[in-house]
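Scroll down for the structure; my scribbles are underneath it.
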Amino acid sequence: MYKKIEKFIPLIAAALGVVAIIMFFLPAVTFEVGNKVVNYNGWQAIFGLTETEKTLLGETKIEYLVFSFMNLLTLILVAAGIVLCVLSFLGKGNKFFAFIAIACFIVAAVFFFLTVAFTTAGAAYTLDGNLAQEKVKEAWKLGAGPIIGGILSILAGLVVSVPVVAKLLKK
C-alpha cells in the first residue's frame, strides 16, 4: 500500500505548495484605524501599494506599502519547492531534490510568519522616517493568509520528508 502512495507524495506536497501560494490573496497585514480594519493582501505586501487620488491641485500618489524583497523570497521559495516536487515526481533530477524541497518549504514557512517584519510601510505612514516605520509596525498584525500559508508550507515540507525518513528508517 505504501509503495502506491509513495509515488504520489511529491504531488501532494506540490498541491499543498500551490494552495500556500493562493494564500497570498488573503489578508497578510491588518491593523485598525478607529473602527475600521485595514487589510493588505500578500501581493500588496510583496509588490507595494500606491494609489492615486484626485485633489483640487491635480492627482496625488499615496504610497502605502513599498516593495519587499523578503516577502518575494517567500513566494520564490514556495515556487521552488513546488518545481522540485514536480521534477521529483516526473523522475527527473537527482536524489537531493527532496532535501532541497524540504528546506525550501520549511524556510518559506518561517518567512510566512515573519511577513509583518518584512513588510515595509510607504511614505503615507512613515513620512520617510525610520522611527515612524517602527511605530507603524507596532500596530500591524499578521493576517490569515500568512498563517495558513505557513502551516501549509510546514505540511508540504513534512509530506516531502516522509519518503526520506522512511528510507533512513529502513537502514
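The values are calculated or read from the model by the stated rules, or taken from the named source; none is laboratory data. Since this is a predicted model, take the numbers as computed values, not measurements. Cβ coordinates were reconstructed from backbone atoms using ideal geometry, including for glycine residues, and neighbour counts include every protein chain displayed. Please note that ligands, DNA and RNA were not included when accessible areas were found on the heavy atoms of the full protein model with its side chains. Shrake-Rupley method; radii C 1.70, N 1.55, O 1.52, S 1.80 Å.
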(message) Of the conditions (1) open to solvent by less than 50 Å² (accessible area, probe 1.4 Å); (2) over 19 Å from LYS141 (Cα atoms); (3) among the hydrophobic types (A, V, I, L, M, F, W, C); (4) under 11 Å from the mean Cα position of the chain (by Cα), PHE24 satisfies every one except a single condition; which number is it?
(response) (2)
(message) Being buried (at least 16 other Cβ atoms within 10 Å of the Cβ) and touching a Ser or Thr at 6+ places or on another chain (Cβ under 7 Å) is the filter here; which residues of the range 36-50 pass it?
(response) ALA45, ILE46
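For ALA156, are the conditions met, namely being under 14 Å from ILE21 (Cα atoms) and either basic (Lys, Arg) or assigned to a helix (DSSP H, G or I) (or both)?
On the way: under 14 Å from ILE21 (Cα atoms): yes; either basic (Lys, Arg) or assigned to a helix (DSSP H, G or I) (or both): yes.
Here the answer is yes, as ALA156 does meet what is asked.
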(message) Give all pairs with beta carbons closer than 7 Å in which a residue from the range 148-165 that is of a type in the set (S, T, N, Q) meets a residue that is in a helix (DSSP H, G or I) and open to solvent by less than 20 Å² (accessible area, probe 1.4 Å); count only pairs at least 6 apart in sequence or on separate chains.
(response) SER153/ALA20; SER153/VAL78; SER153/PHE105; SER153/ALA108; SER153/ALA109; SER153/PHE112
(message) Out of everything in the range 36-91 that is hydroxyl-bearing (Ser, Thr, Tyr) and under 22 Å from CYS104 (Cα atoms), what residue ends up being modelled with the highest pLDDT?
(response) THR74
(message) Just to check your reading of the model, which residue among ILE12, ILE22 is over 15 Å from PHE112 (Cβ atoms), part of a helix (DSSP H, G or I) and not hydroxyl-bearing (Ser, Thr, Tyr)?
(response) ILE12
(request) Please state which one of GLU53, GLU63 is surrounded by 13 or more Cβ atoms within 10 Å (Cβ to Cβ), touching a strand residue (DSSP E or B) at 6+ places or on another chain (Cβ under 9 Å) and among the acidic types (Asp, Glu). (result) GLU63
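Residues to consider are PHE105, PHE69, PHE112, PHE118; find the one that is among the hydrophobic types (A, V, I, L, M, F, W, C) and surrounded by fewer than 17 Cβ atoms within 10 Å (Cβ to Cβ).
PHE69
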(request) Would you mind finding the one in ALA98, ALA79 that is small (Gly, Ala, Ser), buried (at least 18 other Cβ atoms within 10 Å of the Cβ) and in contact (Cβ under 8 Å) with a residue 40 or more places away in the chain? (result) ALA98
(request) Please work out if LYS92 is surrounded by fewer than 14 Cβ atoms within 10 Å (Cβ to Cβ), in a loop (DSSP other than H, G, I, E, B) and not β-branched (Val, Ile, Thr). (result) yes
(message) Restricting to the range 121-153, and then to whatever is in a loop (DSSP other than H, G, I, E, B) and surrounded by 15 or more Cβ atoms within 10 Å (Cβ to Cβ), can you tell me which residue is modelled with the highest pLDDT?
(response) GLY143
